[in-house]
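J.: Sharing a structure, written as structure tokens. Questions coming.
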Amino acid sequence: MIAIHVLNGPNLNLLGTREPATYGTMTLAEIEVRLRSKAKTAGIDLVFRQSNHEGELVTWVQEAGLLGAGVLLNAGAYTHTSIALHDAIRASGAITIEVHLSNVFVREEFRHHSMISDVAKGVICGFGAMSYELAFDAILPHLSPARA
Ligand code: DQA
């Protein structure tokens with residue numbers, strides 16, 4: 001079965017109330033429900049996780065890579081700082097799409113650089129919760145059935 005792991009980084013557990021003008025009012029749980037419905041229709045095994053800890057995200061990327069699962073990664077602020085996540089994507093070979101709700105390029109300059117983009121298949125940002133759904137559709141043609 002084809003598997004997609006949706007990995008969410010720091011502060012994304014606060015979606016819904018966190019800076020709604022920037023991130024919208026949908027909660028992470030609501031985003032998960034939408035993706036689960038898409039996954040069910042498409043017959044995809046979906047894993048959906050959030051952590052505020054960089055190392056935990058690294059472990060989850062490695063795990064997805066080992067299983068041959070695709071990764072939709074919204075690494076939050078770690079996008080802009082994490083060599084460890086860059087290395088995890090590279091080392092595990094996990095096919096990864098970098099996802100952001102906001103358009104990071106119209107925001108503060110420190111958000112313009114990503115440590116992940118150059119090891120990602122592609123980047124989708126600026127479409128709010130729909131960024132996740134667009135990334136889901138975009139990664140599918142690049143995946144083969146997971147190994148476990
Ligand atoms: C974000 C953008 C990041 O710059 C920020 O640190 C986040 C969320 C987004 O989804 O727009 O936490 O990844």
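J.: Compute the relative contact order of the chain as a whole-number percentage, counting only Cα pairs closer than 8 Å that sit 6 or more residues apart in sequence.
T.: Averaging sequence separation for qualifying contacts and normalising by length gives 28 percent for the chain.
J.: Another one. How large is the accessible surface per residue of region 8-127, computed with a 1.4 Å probe and reported in Å² as a whole number? Intermediate results must be reported in sequence, preceding the final value.
T.: Values: 5820 Å² over 120 residues.
I get 49 Å² per residue for this part.
J.: If you don't mind, another one. Net charge within 12 Å of residue 38 by Cβ-Cβ distance, Lys/Arg positive one each and Asp/Glu negative one each, not counting residue 38 itself?
T.: 0
J.: So which residue, out of 96, 22, 81, gets the largest mean-square fluctuation from a GNM of the chain using Cα contacts under 10 Å as springs?
T.: In this elastic network of the chain, the residue with the biggest mean-square fluctuation among 96, 22, 81 is 22.
J.: Build a GNM of the chain with springs between Cα atoms under 10 Å: which of 53, 86, 100 gets the top mean-square fluctuation?
T.: So, out of 53, 86, 100, the one fluctuating most is 53.
J.: With springs only between Cα atoms under 10 Å, which of 73, 28, 57 fluctuates most in a Gaussian network model of the chain?
T.: Of 73, 28, 57, the Gaussian network model singles out 28 as fluctuating most.
J.: I need the phi-derived Karplus couplings for region 58-71: 6.51 cos²θ - 1.76 cosθ + 1.60, θ = phi - 60°, integer Hz, Gly and Pro marked x.
T.: So the J values, rounded to whole Hz, are 4, 4, 5, 5, 4, 4, 4, x, 4, 7, x, 8, x, 10.
J.: Starting from the 7 Å offset along Cα-to-Cβ, what nm value, one decimal, do you get for the label separation of residue 14 and residue 137?
T.: Distance between label points: 3.2 nm.
J.: Still on this structure, I have one more. Kindly identify region 8-127 as rounded, prolate or oblate by the Cα gyration tensor criterion: order the square roots of the eigenvalues as a ≥ b ≥ c, call it rounded if a/c is under 1.5, otherwise compare a/b with b/c, prolate if a/b is larger, else oblate.
T.: oblate
J.: What does the net charge come to around residue 122 if you take all other residues with beta carbon closer than 12 Å to its beta carbon, with K and R at +1 and D and E at -1?
T.: Once all neighbours under 12 Å are counted, the net charge is -2.
J.: Can you list residues whose amide H is under 5 Å from residue 72's amide H, if they're 5+ apart or on another chain and H is modeled 1.01 Å from N?
T.: 5, 6, 7, 97
J.: Given labels modelled 7 Å from the Cα in the Cβ direction, how far is it in nm from residue 36 to residue 83?
T.: Label-label distance for residue 36 and residue 83, simple model: 3.9 nm.
J.: Next question, about the same structure. First check a/c for region 58-127, with a ≥ b ≥ c the square roots of the eigenvalues of its C-alpha gyration tensor; if it is under 1.5, answer rounded, and if not, answer prolate when a/b is larger than b/c or oblate otherwise.
T.: prolate
J.: Further, regarding this structure: Based on DSSP H runs of at least 4 residues, each adding -39500 (n - 2.57), what is the mean residue ellipticity at 222 nm of the chain after dividing by all its residues, to the nearest 500 deg cm²/dmol? Present the calculation step by step, with values, prior to reporting the outcome.
T.: Working: 5 runs with 53 residues, N = 148.
Calculated at 222 nm, the ellipticity per residue is -10500 deg cm²/dmol.
J.: Just subtract the alpha-carbon distance of residue 110 and residue 53 from 0.36 nm times their residue separation and send over the number in nm, one decimal.
T.: Full-extension gain reported as 18.5 nm.
The values are calculated or read from the model by the stated rules, or taken from the named source; none is laboratory data. As the structure is a computational prediction, the values presented were derived from the model and not from experiment. A quick note on method: Cβ atoms are made from the backbone with ideal geometry, for glycine too, and the neighbour counts reach across all protein chains shown. Surface accessibility is based on the protein's heavy atoms, side chains included, excluding ligands, DNA and RNA. Shrake-Rupley method; radii C 1.70, N 1.55, O 1.52, S 1.80 Å.
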